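Before any comments, here is the structure.
Nothing in this text is a laboratory measurement; each read-out follows from the coordinates by a stated rule. For clarity, every value in this text was computed on a predicted model and none was experimentally measured. No Cβ is skipped: glycine too gets one built from the backbone with ideal geometry, and neighbour counts run over all protein chains shown.
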Amino acid sequence: MCDTSLKLTDLLTVILLLICTCAYIRSLAPNLLDKNKTGILGIFWKCARIGERKSPYVAVCCVIMAFSILFSE
C-alpha cells in the first residue's frame, strides 16, 4: 500500500513539472510548441495550455507538492 502511494506521488510530481516546463518554454518560444498541436508532440502543447489557463491551480498544486516532498517521512 505504501509503495503504491509513493509511485502516485512521483507520477504527480512528473506531471506538474511537465506542465510547468511546457508553459515556460511556450512563454519563451511560442512557435516551438504551436506548430505541433497534433500527434505525440501535441501532448507538450496541451500541457502548456493547461499551465497557462489553470496557472493559479497549478501553482497551488506545486506548493502542496513541494511541502509534501519536503516534509514526508
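In sequence order, region 29-41 has phi-based couplings of 9, x, 5, 5, 9, 5, 7, 10, 8, 10, x, 5, 6 Hz under the Karplus curve 6.51 cos²θ - 1.76 cosθ + 1.60, θ = phi - 60°, and Gly or Pro positions carry x.
Pairs of C-alpha atoms in region 18-70 farther apart than 17 Å represent 37 percent of all such pairs. Converting phi to 3J(HN,Hα) with the Karplus coefficients 6.51, -1.76 and 1.60 and the offset θ = phi - 60°, region 53-63 yields 7, 10, 4, x, 5, 5, 5, 5, 5, 5, 5 Hz in sequence order, with x at every glycine or proline. Note on Leu28 and Ser55: with the Förster distance fixed at 25 Å, the Cβ-Cβ geometry gives a FRET efficiency of about 0.95.
Rounded to the nearest 0.05, the FRET efficiency derived from the C-beta distance between Thr9 and Lys46 at R0 = 22 Å is 0.45. The value of relative contact order for the chain, using C-alpha pairs under 8 Å at least six residues apart, is 32 percent.
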